[in-house]
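The values are calculated or read from the model by the stated rules, or taken from the named source; none is laboratory data. Computed from a prediction, not measured in an experiment: that's the story for all the values here. Note that we place each Cβ from the backbone using ideal geometry, even for glycine, and neighbour counts take in every protein chain shown.
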Amino acid sequence: MKFVFTISIISALTLLSLFTDAAENVEAAITQEEREINRWLASQEENMLELLTRITNINSGSLNKAGVDQLAAIFSNELSSLGFSISRLAGDVIEMPSCPGSDYKIDVTDHVLASKSGTGPKFLMIGHLDTVFPPNSPFQEFRREGDLMFGPGVADMHGGLVVMLYALKALEAFGELEDKRISILLNSDEEIGSLSSRKYIEEQARNHDWGLVYESSGTNNLTRIRKGLGQARFVVNGVASHAGGAHEMGRSAIKELAYKIVEIEKMTNYETGVTVNVGIVNGGEARNTIAPCAEALVDLRYPEPQQGEAARQQFENIANNVYSYPVDAGEITTERWINLHRPPKIPTQKSDFLLEKTRAIGRLLGQELGITDSGGGTDGSLTQAVGLPTLDSLGVAGTGAHSGREQARVSSLVERAQLSALLIRRLATE
Ligand SMILES: [Zn+2]
């Protein structure tokens with residue numbers, strides 16, 4: 001009896017899993033046209049590598065305007081020749097509070113918006129032109145070893161830009177681009193939190209049907225859920241004084257910041273998934289001067305939107321409190337800049353559909369793509385939060401982003417371009 005019972009449970013589970021698989025995998029076999037598109041892309045690996053080498057060897061750290069501009073020009077030309085009309089979206093000057101002498105100002109390079117009209121669903125493709133590596137970084141050049149390539153941005157995400165462009169070129173080569181409605185937003189400030197491009201990204205996201213973002217797919221994974229990200233700057237102003245002659249007259253900004261850092265660090269809770277990191281501190285003028293100013297730059301990660309808002313309130317409270325001295329109002333003040341720059345990426349039915357459809361097409365192409373969650377944010381979190389179903393990891397298979405070990409698999413250039421070309425042409429007829 002028990003045996004029969006077990007068998008029937010197993011067969012019910014098998015049936016259920018067959019049913020679920022069937023629901024997830026209703027992708028028709030590769031067509032003759034698609035085979036030709038794949039063949040064409042396979043013949044383009046050298047051209048893709050040539051372009052990737054060229055753009056990797058141009059330093060495009062977020063603050064290097066000249067370099068990021070060169071990349072913007074290269075992709076504007078390429079997209080213009082595919083029939084896109086190109087416009088520039090103004091970058092801004094972002095100012096944040098800072099101690100005297102460290103005036104913190106970011107002059108963001110213009111972003112590129114390429115668009116073309118057509119029929120059917122509206123696609124928004126997003127890629128960032130910037131990398132985390134400034135011009136004085138030792139990591140500057142493209143290098144290949146067999147099926148691996150190394151260099152700043154090969155994974156994050158110059159490689160993804162090349163994948164995106166060649167998927168479009170493939171559709172163009174077979175007369176399938178002309179009728180598609182596609183916008184492409186290439187921003188220049190993703191690595192500093194899309195502080196200028198956010199408004200453009202959200203505006204575009206509201207007007208499109210599918211969001212495709214070309215961040216790296218890691219070791220062959222698509223990302224489903226992402227934490228939200230925030231950043232905060234605290235600038236504590238105290239009162240300078242001689243550390244020997246008039247110690248009691250001083251109000252040390254460093255001492256106050258130290259207390260605040262302890263309070264900030266208490267916000268980390270691995271159970272709720274909220275983490276904070278005081279990543280940079282600066283302050284003081286001399287060993288024998290009571291510090292008149294001290295500043296801290298803080299990173300925040302959070303799984304749920306309300307946790308982000310709660311953390312914002314905690315940051316405000318910590319800024320408003322004075323922990324170190326029983327002081328009169330105004331003796332110690334704290335300027336603060338708090339920005340929840342990326343909401344959590346929370347899956348929806350439509351974004352799960354997009355994810356599973358992409359995986360199913362991947363299987364047809366012999367690409368086994370897993371599913372992962374991530375603590376890192378992308379611009380796909382912005383688009384998804386305003387209602388655009390988004391897949392944000394369509395770029396190359398790579399690892400080691402943001403380090404001198406950044407690398408990617410050469411063969412994934414063609415693989416992911418094939419994946420995107422087929423995804424776009426199949427979504428177009430949904
Ligand atoms: Zn990136």
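Structural remarks
- The set of residues from region 205-222 being closer than 17 Å to Thr372 by Cβ and crowded, with 24+ Cβ neighbours inside 10 Å comprises Val213, Tyr214, Glu215, Ser216, Ser217.
- In region 77-126, residue farthest from Leu388 (Cα to Cα) [restricted to those that are charged (D, E, K, R) and touching a residue at least 40 places away in the same chain (Cβ under 8 Å)]: Asp107
- In this entry, Ser393 passes the filter for residues that are within 14 Å of the ligand (Cβ to nearest atom), polar (S, T, N, Q), modelled with pLDDT of 95 or more and in the same structural domain as Glu191 (by TED's automatic domain parsing).
- Asp110 passes every criterion in (1) under 20 Å from Gly377 (Cβ atoms); (2) within 21 Å of the chain's Cα centre (by Cα) apart from (1).
- Failed condition for Asp69, given (1) of a type outside the set (S, T, N, Q); (2) touching a Phe, Trp or Tyr at 6+ places or on another chain (Cβ under 6 Å); (3) over 30 Å from Gly283 (Cβ atoms): (2)
- Number of positions in region 370-400 that are over 17 Å from the mean Cα position of the chain (by Cα) and either buried (at least 24 other Cβ atoms within 10 Å of the Cβ) or farther than 13 Å from Thr223 by Cα (or both): 1
- Only one of Ala173, Ala258 that is among the hydrophobic types (A, V, I, L, M, F, W, C) and either surrounded by 19 or more Cβ atoms within 10 Å (Cβ to Cβ) or within 30 Å of Glu285 (Cβ to Cβ) (or both): Ala258
- Test for Ser412: is it among the hydroxyl-bearing types (Ser, Thr, Tyr), part of a loop (DSSP other than H, G, I, E, B) and away from the ligand (no atom under 15 Å from the Cβ): no
- Selection status of Leu124, modelled with pLDDT of 95 or more, more than 16 Å from the ligand (Cβ to nearest atom), under 20 Å from His208 (Cα atoms) and crowded, with 24+ Cβ neighbours inside 10 Å: yes
- Extreme residue, surrounded by the most Cβ atoms within 10 Å (Cβ to Cβ), among residues of region 60-86 that are out of contact with any Ser or Thr (no Cβ under 8 Å at 6 or more places or on another chain) and not in a helix (DSSP H, G or I): Asn64
- Filtered residue count, region 333-366, keeping only those that are of a type in the set (Lys, Arg) and under 13 Å from Gln384 (Cα atoms): 3
- For first residues located in region 191-215 and closer than 24 Å to Leu422 by Cβ, partners that are among the charged types (D, E, K, R) and within 14 Å of the ligand (Cβ to nearest atom) and lie 6+ apart or on another chain with Cβ distances below 7 Å form the pairs Val213/Asp379; Val213/Asp392; Glu215/Asp156; Glu215/Asp392.
- Among the residues listed as Val162, Val235, the single one being crowded, with 22+ Cβ neighbours inside 10 Å, in a strand (DSSP E or B) and either touching a residue at least 60 places away in the same chain (Cβ under 8 Å) or within 16 Å of the ligand (Cβ to nearest atom) (or both): Val235
- Subset of region 142-159 that is of a type outside the set (A, V, I, L, M, F, W, C) and over 15 Å from the mean Cα position of the chain (by Cα) - its residue that is nearest to the ligand (Cβ to nearest atom): Pro152
- Meets criteria (modelled with pLDDT of 95 or more, surrounded by fewer than 24 Cβ atoms within 10 Å (Cβ to Cβ) and more than 16 Å from the ligand (Cβ to nearest atom)) for Arg198: no
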